[in-house]
Amino acid sequence: MRLIVTRPAAQAQDWIARLHALGVDAVALPLIGIEALADQAPVVAAWAQLPAAALAMFVSANAVVHFFDARPAALRWPPATVAGSTGPGTSAALRAAGVPAACIVEPDASGPFDSEALWRQVRDWPWTGRRALVVRGEDGRDWLAEQLRLAGAEVAFVAAYRRVAPVISGAQAGLVQAALADPAAHCWHFSSSEAIGHLAHALPAADWSRSTALATHPRIAETARRLGFGQVSLVGVLLEDVVARLARIALAPGPLTGPAG
């Protein structure tokens, strides 16, 4: 069975290389494009104000990469500021960018990995009058910001990148058509509801009723079901979780709707 990885290109290529090393037939079909913003001034300004923030929350590994790409050369991560992460990929990007492990807060290792799980780690902090920064694309993660505001924090946002819909053409279009023609031989991996939305927009008449999807969060799974995917399974965010679930599907084809893992 071929696994179609729909993560943004940079993360997808890393996954494909690791999956191939494990003997998994996998191919990238990025369904979210990630672009740097033309105006980097707000990110540079956010770096200057970072020491005053108790928490800088990063919504994704892409947020980390583009925020640090705009870092002024003279600045380093302030030791009194905690970097908030929603999962292992974002935490790995923070460490790769040079943020000390002691400065990173993330959900419990058992998951789930989302804003709600991160909030459980920081909700008991004394937030009144403290500052928090949310590093994101051009929108998103308003829920966590609202929780911080209700707890008394002053919350600011900075857009470090923008997400764009992909153009599915050429070999990628051929991949999609092959997956639709032979759904039993393909499995889709979704880590974003937005990616599913882009797929729906690109192929509004497609029949997904015989197709199988892996989703990393219940909300993503529900989006896949609304599009019409006939088999949707929750799976953990780690690559090893995906490999294990893919093996289960190959051994026991049929509806899989159980918990992640």
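The values are calculated or read from the model by the stated rules, or taken from the named source; none is laboratory data. Note that the structure is a prediction, hence the values are computed from the model and not measured. Please note: Cβ atoms are built from the backbone with ideal geometry, for glycine as well, and neighbour counts cover all protein chains shown. Areas reflect the complete protein model, heavy atoms only, side chains present, ligands, DNA and RNA absent. Shrake-Rupley method; radii C 1.70, N 1.55, O 1.52, S 1.80 Å.
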Item to complete: Between HIS20, HIS189, HIS198, find the one with the highest GNM mean-square fluctuation for the chain; connect C-alpha pairs within less than 10 Å.
Response: HIS20
Fill in: Rh by Kirkwood over Cα pairs, then Stokes-Einstein D for the stretch 153-226 at 1.002 mPa s and 20 °C, µm²/s
153 µm²/s
Worksheet, complete the sentence: Measure of exposure for GLU116: accessible area at 1.4 Å probe, Å² rounded to 10, is 50 Å²
Item to complete: Take every DSSP beta bridge whose two residues both sit in the chain, then give the antiparallel share in percent to the nearest 5.
Response: 10 percent
Worksheet, complete the sentence: For the stretch 1-138, averaging the sequence separation of alpha carbon pairs under 8 Å that lie six or more residues apart and dividing by its residue count, the contact order in percent is 22 percent
Worksheet item: Measuring from label point to label point, each 7 Å out along Cα→Cβ, what is the GLU116 to ALA244 span in nm?
Response: 2.2 nm
Worksheet item: Can you give the accessible area of ILE220, probe radius 1.4 Å, in Å² rounded to 10?
Response: 20 Å²
